[in-house]
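> There's a structure below that I have some questions on.
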Amino acid sequence: MPTLPTGALIRAARRRDGRPRAAVAGLCGISTDYLSQIERGRKKPSGDVLAKLADELGVAVGTLLGDNDAHRPRPSQP
């Protein structure tokens, strides 16, 4: 199965969370229009915005980037 674009993953996480776009955008310090453009794949969020979205949606940044293993803890190095 192909990996979904970051915007679609952000939209899916927001919808799973059950919150409107305006609420998430406001809490992340971005406009609703900007979040809409990110979700539709028209804009790419900066690292800071991506981190804020991940934090607000309660997911790892890697999850929003399509890393299916992002939720798994990495083995510690000896």
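> State all residues of region 31-50 that are assigned to a loop (DSSP other than H, G, I, E, B) and buried (at least 18 other Cβ atoms within 10 Å of the Cβ); if no residue qualifies, say none. Quick ask: steps written out before the conclusion?
So the first thing to find is which residues in region 31-50 are assigned to a loop (DSSP other than H, G, I, E, B), and the list is 31, 40-46.
Passing the criteria: only Pro45.
> Here are the criteria: (1) at pLDDT 95 or above; (2) in a loop (DSSP other than H, G, I, E, B); (3) open to solvent by 60 Å² or more (accessible area, probe 1.4 Å); (4) not acidic (Asp, Glu). Tell me which single one Arg74 does not satisfy.
(1)
> Would you point out the residue of region 7-28, among those that are buried (at least 16 other Cβ atoms within 10 Å of the Cβ) and under 12 Å from Gly58 (Cβ atoms), that is farthest from the chain's Cα centre (by Cα)?
Val24
> Of the numbered conditions (1) at pLDDT 95 or above; (2) in a helix (DSSP H, G or I), Thr63 fails exactly one; give the number of that condition.
(1)
> Which one is most open to solvent (accessible area, probe 1.4 Å) among residues in region 55-69 that are on the phi < 0 side of the Ramachandran plot, in contact (Cβ under 8 Å) with a residue 24 or more places away in the chain and of a type outside the set (Val, Ile, Thr)? It would help to see each step written out before you state the result.
Initially, region 55-69 is screened for residues on the phi < 0 side of the Ramachandran plot, giving 55-57, 59-65, 67-69.
Pick out the ones that are also in contact (Cβ under 8 Å) with a residue 24 or more places away in the chain and you get 56-57, 59, 63-65.
If we keep only those that are of a type outside the set (Val, Ile, Thr) too, we end up with 56-57, 64-65.
Working: Glu56: 55, Leu57: 15, Leu64: 1, Leu65: 99 Å².
Within region 55-69, the match that is most open to solvent (accessible area, probe 1.4 Å) is Leu65.
The values are calculated or read from the model by the stated rules, or taken from the named source; none is laboratory data. Computed from a prediction, not measured in an experiment: that's the story for all the values here. Counting neighbours? That spans all protein chains shown, and the Cβs are built from the backbone with ideal geometry, glycine included. When the accessible area is computed, the model is the full protein with side chains, heavy atoms only, and any ligands, DNA or RNA have been set aside. Shrake-Rupley method; radii C 1.70, N 1.55, O 1.52, S 1.80 Å.
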